[in-house]
1. Contact list please: Cβ distance under 6 Å, first residue in the range 94-110 and closer than 16 Å to LEU78 by Cα, second residue among the acidic types (Asp, Glu) and outside any strand (DSSP E or B), pairs at least six apart or on different chains.
2. Among the residues of the range 32-68, what is the count of those that are under 26 Å from GLN109 (Cα atoms), in a loop (DSSP other than H, G, I, E, B) and at pLDDT below 90?
3. Six or more apart or on different chains, Cβ atoms under 8 Å: show the pairs whose first residue is in the range 2-20 and closer than 20 Å to LEU40 by Cα and whose second is surrounded by fewer than 19 Cβ atoms within 10 Å (Cβ to Cβ) and of a type in the set (Asp, Glu).
4. Do you know which of the residues in the range 72-85 that are surrounded by fewer than 17 Cβ atoms within 10 Å (Cβ to Cβ) and either in contact (Cβ under 8 Å) with a residue 24 or more places away in the chain or assigned to a strand (DSSP E or B) (or both) is nearest to the chain's Cα centre (by Cα)?
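The values are calculated or read from the model by the stated rules, or taken from the named source; none is laboratory data. Remember, predicted model here, so these are calculated numbers, not experimental data. Note: ideal-geometry Cβ built from the backbone for every residue, glycine included; neighbour counts use all protein chains shown.
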Amino acid sequence: MNADERLVERFLISKKLCPQRFTAKENESWGGTQSCLTKLPDFKVSARGCFFYAEVKSLLAKPEDEPSSFNMFGKNILQAVKQFESVNETHIVPNVLIWVNHEMRHICQDLEMIYTGASTMSNGEIVGGFHKYSEGKIKKKKRFIDLHIWLNIDRNDDTTFLGEPSWFFSGDDNRSHHREMLRRLFDIKIETFKVIHSK
């Protein structure tokens with residue numbers, strides 16, 4: 001377990017949830033060996049009779065050979081969906097992608113941009129022109145993620161998060177029951193989350 005995964009584990013526990021890692025035996029049941037564990041989500045999470053899968057993705061500075069940070073977002077989304085599909089192919093339980101952001105040039109509105117092709121900034125300005133990402137490789141896959149949680153690392157103390165989480169739910173109305181379950185489990189206030197409707 002790396003440092004960001006340990007931080008997310010603490011975050012989930014602070015929400016009165018029970019995160020668990022996949023065991024080697026469980027991994028083998030999906031047709032792999034210990035080396036295959038990276039293909040599964042980071043956590044299976046339970047609480048109060050409910051269950052979901054969670055995957056952690058760390059956001060660092062954009063690599064020099066990456067033409068856009070949105071390419072990096074897209075790759076992380078596609079990889080996470082593949083991991084969720086390996087254990088939850090029929091999407092019978094929710095999938096949660098947790099972003100741990102170490103680079104302050106990344107903002108949570110980036111997620112809305114890559115999902116919809118545009119985003120409304122905090123000052124009301126609408127920034128668009130990103131449909132090549134929202135309509136690209138992630139177009140058919142992004143709905144497989146029910147909730148994105150955005151956590152900023154404190155630059156002065158990388159063992160803690162800065163401020164409150166940002167919550168983005170998928171706008172897939174066919175999975176609205178997943179949305180409601182997660183909202184209750186995390187005790188997310190209605191005024192604090194955003195539903196991003198995929199194009």
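1. Every condition considered, the pairs that remain are ASN95/ASP146.
2. The total comes to 9.
3. ALA3/ASP158
4. LEU78
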